[in-house]
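Trainee: My structure is below; once you've seen it, I'll send some questions.
The values are calculated or read from the model by the stated rules, or taken from the named source; none is laboratory data. Small disclaimer: the values here were computed from a predicted structure and weren't measured. As a convention, Cβ positions derive from the backbone with ideal geometry for all residues, glycine included, and neighbour counts pool all protein chains shown.
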Amino acid sequence: MKTVKTFPLNLSQPAQRALANAGITSLEQCAKMGEAALAKLHGMGPNALAKTREAMKEKGLSFTTAG
């Protein structure tokens, strides 16, 4: 299984697999998907969401209101 390598975060293996299985390879894709939809992915828990949110913030990104 290929894990997501483009994220500047230390995500757990389950979170990396969840993103990879959903075809998500960038923070921009996370932003477009929306936090609610991302949270529904098996393996994306509160810690992974917080790390993703922080990494997005550092890049000037934020979650869409849809999702």
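Trainee: Which of the residues that make up region 55-67 are modelled with pLDDT of 90 or more, touching a helix residue (DSSP H, G or I) at 6+ places or on another chain (Cβ under 7 Å) and not in a helix (DSSP H, G or I)?
Mentor: 61, 62
Trainee: On to the next question. Tell me, please, whether a residue that is modelled with pLDDT of 95 or more, of a type in the set (A, V, I, L, M, F, W, C) and outside any helix (DSSP H, G or I) can be found in region 10-24. Before you say what the answer is, go through the steps one by one.
Mentor: Residues of region 10-24 modelled with pLDDT of 95 or more: none.
The answer is no, given that none of the residues of region 10-24 is modelled with pLDDT of 95 or more, of a type in the set (A, V, I, L, M, F, W, C) and outside any helix (DSSP H, G or I).
Trainee: Taking into account only those residues within region 38-55 that are over 13 Å from residue 11 (Cα atoms) and surrounded by fewer than 19 Cβ atoms within 10 Å (Cβ to Cβ), which is nearest to the chain's Cα centre (by Cα)?
Mentor: First pass over region 38-55, keeping only residues over 13 Å from residue 11 (Cα atoms): 38-42.
Remaining after also requiring surrounded by fewer than 19 Cβ atoms within 10 Å (Cβ to Cβ): 39-40, 42.
Working: 39: 9, 40: 11, 42: 12 Å.
So, considering only residues that are over 13 Å from residue 11 (Cα atoms) and surrounded by fewer than 19 Cβ atoms within 10 Å (Cβ to Cβ), the one nearest to the chain's Cα centre (by Cα) is 39.
Trainee: Which ones in region 37-54 are assigned to a helix (DSSP H, G or I) and under 18 Å from residue 17 (Cα atoms)?
Mentor: Going residue by residue through region 37-54, those that are assigned to a helix (DSSP H, G or I) are 37-39, 46-54.
Answer for region 37-54, where residues must be assigned to a helix (DSSP H, G or I) and under 18 Å from residue 17 (Cα atoms): 37, 38, 39, 46, 47, 48, 49, 50, 51, 52, 53.
Trainee: Still on this model: Looking at region 16-37, I want the residues that are surrounded by 15 or more Cβ atoms within 10 Å (Cβ to Cβ) and among the hydroxyl-bearing types (Ser, Thr, Tyr) and have a partner that is at pLDDT below 90 and in a loop (DSSP other than H, G, I, E, B) with Cβ atoms under 7 Å, at least 6 apart or on another chain. Which pairs are those?
Mentor: Correct list of pairs: 25/4; 25/6.
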